[in-house]
Amino acid sequence: MKFIGTRLAGAFIVEVEPHEDARGFFARTFCAREFGELGLARDFVQCSVSLSRTRGTLRGLHYQRPPACEAKLVRCAAGALFDVIVDLREGSPTFRQHLGLELTAKNRRALYVPEMFAHGFQTLEPDTEVFYQISEYYTPEASTGLRYNDPRLGIKWPLPVAAVSEKDANWPLLG
């Protein structure tokens, strides 16, 4: 695997390094030792998958507050998405800054999302499937979010929003 740092400290793009032969290829997508050597979460306690049928579907921006903060490793299993993270670590030099990038089934990239980062995405193709490895158990009382269209964040989503949940459309604006 190749870890590519981003402008948001602690967030990494993770690229596979395929070993190819006539049958196709094989590549590791996770190694606890390599993640640990970079100080990243290496104990993932849950895996989740989401399927969005419609191009332009928006999910997020979600995160969990202490004591149930979660890191995520996010990968596009089918289709394509525009993935966004927002640094919510008070005292961080990139506090409230965001990063957006494309994750696709073709590029096979994953995004490592540190604790106290909000995460969301917009699908770029129909029938987009996203696979998450998550470092903390889902804790409803700690689960919260940010409004995807908060003017203080200024996120430029690539498509008009075709579908968004009522919950995601009504997260509070930043104060």
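Before moving on, here are some points about what is shown:
- Every condition in (1) under 14 Å from residue 11 (Cα atoms); (2) crowded, with 20+ Cβ neighbours inside 10 Å is met by residue 122 except one, and the failing one is (1).
- Pair list, Cβ under 9 Å, 6 or more apart: the stretch 164-175 residue polar (S, T, N, Q), other residue surrounded by 11 or more Cβ atoms within 10 Å (Cβ to Cβ): 165/58; 165/59; 170/147
- Test: residue in the stretch 43-59 that is in contact with a helix residue (DSSP H, G or I) (Cβ under 9 Å, 6 or more places away or on another chain), buried (at least 18 other Cβ atoms within 10 Å of the Cβ), part of a strand (DSSP E or B) and modelled with pLDDT of 95 or more: yes
- Conditions (1) in contact with a Ser or Thr (Cβ under 7 Å, 6 or more places away or on another chain); (2) more than 22 Å from residue 169 (Cβ to Cβ): number failed by residue 22: (1)
- Test result for residue 18, more than 23 Å from residue 149 (Cα to Cα) and in contact with a helix residue (DSSP H, G or I) (Cβ under 8 Å, 6 or more places away or on another chain): no
- Only listed residue being modelled with pLDDT under 95 and in a loop (DSSP other than H, G, I, E, B), chosen from 29, 94: 29
- Looking only at the stretch 70-91, and only at residues there that are assigned to a loop (DSSP other than H, G, I, E, B) and not aliphatic (A, V, I, L, M), the one that is surrounded by the most Cβ atoms within 10 Å (Cβ to Cβ): 70
- Condition met for residue 96 (closer than 23 Å to residue 169 by Cβ, touching a residue at least 60 places away in the same chain (Cβ under 8 Å), touching a helix residue (DSSP H, G or I) at 6+ places or on another chain (Cβ under 6 Å) and not β-branched (Val, Ile, Thr)): no
- Test set (1) out of contact with any Gly (no Cβ under 9 Å at 6 or more places or on another chain); (2) touching a residue at least 40 places away in the same chain (Cβ under 8 Å) - residue 90 fails condition number: (2)
- Selection within the stretch 100-120 - of a type in the set (S, T, N, Q) and out of contact with any strand residue (DSSP E or B) (no Cβ under 7 Å at 6 or more places or on another chain): 107
- The lone exception for residue 10 - which of (1) modelled with pLDDT under 95; (2) of a type outside the set (Val, Ile, Thr); (3) in contact with a Pro (Cβ under 8 Å, 6 or more places away or on another chain) it fails: (1)
- Breaking point among (1) touching a Leu at 6+ places or on another chain (Cβ under 9 Å); (2) touching a residue at least 40 places away in the same chain (Cβ under 8 Å); (3) farther than 24 Å from residue 127 by Cβ, for residue 9: (1)
- Candidate set: the stretch 12-42, residues that are among the acidic types (Asp, Glu) and surrounded by 12 or more Cβ atoms within 10 Å (Cβ to Cβ); chosen: the one nearest to residue 111 (Cα to Cα): 15
The values are calculated or read from the model by the stated rules, or taken from the named source; none is laboratory data. Here the structure is a predicted model, which is why all the values come from computation and not from measurement. We place every Cβ from the backbone using ideal geometry, glycine too, and count neighbours over all the protein chains shown.
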